[in-house]
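The values are calculated or read from the model by the stated rules, or taken from the named source; none is laboratory data. Small disclaimer: the values here were computed from a predicted structure and weren't measured. Note: ideal-geometry Cβ built from the backbone for every residue, glycine included; neighbour counts use all protein chains shown.
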Amino acid sequence: MKECNFCKIIAGKSPSNNIYENENVLAFAPLKEHIIAKGHMLVIPKKHYNDIYDIPKEELHHIIEAVKTISQKLKVKFHADGINILHASGKVAQQSCFHFHVHLIPRYKDDDLDTWPNTGYKECNFPEIYQEIANLF
Ligand SMILES: [Zn+2]
């Protein structure tokens, strides 16, 4: 099986611009052609998990702690006005590398990025669908 690109980065077998790491997570800059904002970076677990469905909750704790730490630093350093924390699980959700990852995208006033589609979902059977979801718990 082909080794995943992010596992290669963690193993030091593939070049990357590593920014921050601890025992559990690594944060690094995307490839230059994929950077969409000043300070955009990726945060990944050092162990391989495909997506939100197979990553253990403890690993998510490590990820979100790093996300919090890095977000604060970016806000102070670059005076970001906000940040998007983006994640995709599954091909249909536009996940491109199947090693769990979170994008940190600092936002600046008038940056013209649109990370939040506002097209209305028309077929939602509200409120029945949400009652079905609530019944799962
Ligand atoms: Zn991997």
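Quick check on region 113-136: of everything there that is among the polar types (S, T, N, Q) and without any contact (Cβ under 8 Å) to a residue 24 or more places away in the chain, which residue is nearest to Val43 (Cα to Cα)? Quick ask: steps written out before the conclusion?
Step one: filter region 113-136 for residues among the polar types (S, T, N, Q), giving 115, 118-119, 125, 131, 135.
Going one step further and asking which of them are without any contact (Cβ under 8 Å) to a residue 24 or more places away in the chain, we end up with 118-119, 125, 131, 135.
Numbers: Asn118: 26, Thr119: 29, Asn125: 36, Gln131: 34, Asn135: 33 Å.
Step by step, filter region 113-136, then rank; the result is Asn118.
Give the residue that is nearest to the chain's Cα centre (by Cα), with candidates limited to residues of region 1-54 that are of a type in the set (A, V, I, L, M, F, W, C) and assigned to a helix (DSSP H, G or I).
Restricting to residues being of a type in the set (A, V, I, L, M, F, W, C) and assigned to a helix (DSSP H, G or I), the top hit is Phe6.
Being closer than 24 Å to Thr115 by Cα and away from the ligand (no atom under 16 Å from the Cβ): is that true of Glu33 here?
Answer is yes for this residue.
Please indicate, with yes or no, whether at least one residue in region 1-22 is more than 16 Å from the ligand (Cβ to nearest atom), charged (D, E, K, R) and modelled with pLDDT of 95 or more.
no
Just one of the numbered conditions (1) assigned to a loop (DSSP other than H, G, I, E, B); (2) over 25 Å from Glu23 (Cβ atoms); (3) in contact with a His (Cβ under 6 Å, 6 or more places away or on another chain) is not true of Ser96; which one?
(3)
Just for region 91-106: of the residues that are of a type outside the set (A, V, I, L, M, F, W, C) and touching a strand residue (DSSP E or B) at 6+ places or on another chain (Cβ under 9 Å), which one is nearest to Leu60 (Cα to Cα)?
His101
Under 9 Å between Cβ atoms, at least 6 apart or on separate chains: pull out the pairs that start in region 88-112 with a residue that is more than 18 Å from Ile35 (Cα to Cα) and touching a residue at least 60 places away in the same chain (Cβ under 8 Å) and end on any residue that is within 16 Å of the ligand (Cβ to nearest atom) and hydroxyl-bearing (Ser, Thr, Tyr).
His99/Tyr49
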